[in-house]
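Just below is one structure, and these are the notes that go with it.
The values are calculated or read from the model by the stated rules, or taken from the named source; none is laboratory data. Note that the coordinates shown come from a computational prediction; the quantities given were computed from them, not determined experimentally. Don't worry about glycine lacking a Cβ; one is built from the backbone with ideal geometry, like all the others, and counts go over all protein chains shown. Note: accessible area is taken over every heavy atom of the protein model, side chains too, but ligands, DNA and RNA are not part of it. Shrake-Rupley method; radii C 1.70, N 1.55, O 1.52, S 1.80 Å.
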Amino acid sequence: MLFIGICGASGSGKTTLADELVRDMGAKSVVINQDAYYFDHPELTFEERTQLNYDEPGIFDHDLLYSDVCALLSGQPITRKAYDFSEHRRCDKEDLIYPADVLIVEGIHAFYDQRLRDKMFLKLYVNVDPDICLLRRISRDIKDRGRQIDNIANQYLSTVKPMYERYIRNYIHDADVVVMKGGKNTRIVPILAGYLQSTLQQNP
């Protein structure tokens with residue numbers, strides 16, 4: 001199994017890159033979104049949950065993500081983790097995720113845990129202009145997560161931008177490959193997919 005990490009700013013196109021790689025490789029693949037591994041906080045009110053910093057590393061259950069990755073790499077299935085962004089609550093599923101030829105973990109702090117980084121065959125950093133990321137984030141949060149523009153703006157200024165400057169932009173130094181223009185980079189995606197496909201064929 002090839003384990004690939006994809007990191008980058010919120011709205012940079014990490015999920016798109018993962019999906020494009022899976023499509024081009026044509027291999028049996030599993031994509032895990034780090035967003036599904038937010039800690040749950042049932043003890044907090046909804047209003048209190050909205051005030052949490054969802055862009056700092058400690059908001060994620062890195063131990064659980066690492067445990068799930070280790071299980072898949074060892075050939076064991078895991079339960080599917082999920083997160084309800086409208087309620088800010090975990091909503092894990094009962095179905096199982098089974099090991100595949102390729103495992104991709106993508107997220108803003110995908111490179112934060114050194115234990116996870118050390119297991120990655122290839123580390124990709126998606127590098128996109130922050131202004132483009134913000135526009136994409138606004139569109140996504142309104143359409144897919146039921147957010148309002150004033151809430152998006154407040155979160156961006158209070159947590160997203162500061163955490164990007166403090167942590168996320170520095171993950172570029174951990175990457176093996178920097179992908180410019182996001183997940184729809186029509187040149188780099190087939191190159192990466194071809195390399196990964198060739199590696200799989202050499203190591204069946």
Looking at region 120-132 only, could you name the residues that are touching a residue at least 24 places away in the same chain (Cβ under 8 Å) and of a type outside the set (S, T, N, Q)? M120, F121, L122, K123, L124, Y125, V126, V128, P130, I132
Keeping to region 154-196, report how many residues are of a type outside the set (A, V, I, L, M, F, W, C), surrounded by fewer than 19 Cβ atoms within 10 Å (Cβ to Cβ) and farther than 24 Å from Q114 by Cα. 9
Filtered residues of region 156-199 (kept if of a type in the set (K, R) and on the phi > 0 side of the Ramachandran plot): K181
Just to be sure before I move on: is I191 out of contact with any Cys (no Cβ under 9 Å at 6 or more places or on another chain), among the β-branched types (V, I, T) and within 20 Å of S86 (Cα to Cα) in the structure I sent? no
Any residue in region 98-119 that is over 20 Å from N170 (Cβ atoms) and part of a loop (DSSP other than H, G, I, E, B) sitting within a Cβ distance under 7 Å of a residue that is β-branched (V, I, T) and open to solvent by 10 Å² or more (accessible area, probe 1.4 Å)? List the pairs, counting only those 6 or more apart or interchain. A100/V30
Subset of region 130-148, residues charged (D, E, K, R), farther than 27 Å from D68 by Cβ and open to solvent by less than 50 Å² (accessible area, probe 1.4 Å), comes to R147
So if I check each of T159, T199, which one is in contact (Cβ under 8 Å) with a residue 24 or more places away in the chain and touching an Asp or Glu at 6+ places or on another chain (Cβ under 6 Å)? T159
Of the listed residues (N151, N127), the one being of a type in the set (S, T, N, Q), at pLDDT below 95 and either closer than 30 Å to Q197 by Cβ or open to solvent by less than 40 Å² (accessible area, probe 1.4 Å) (or both) is N127
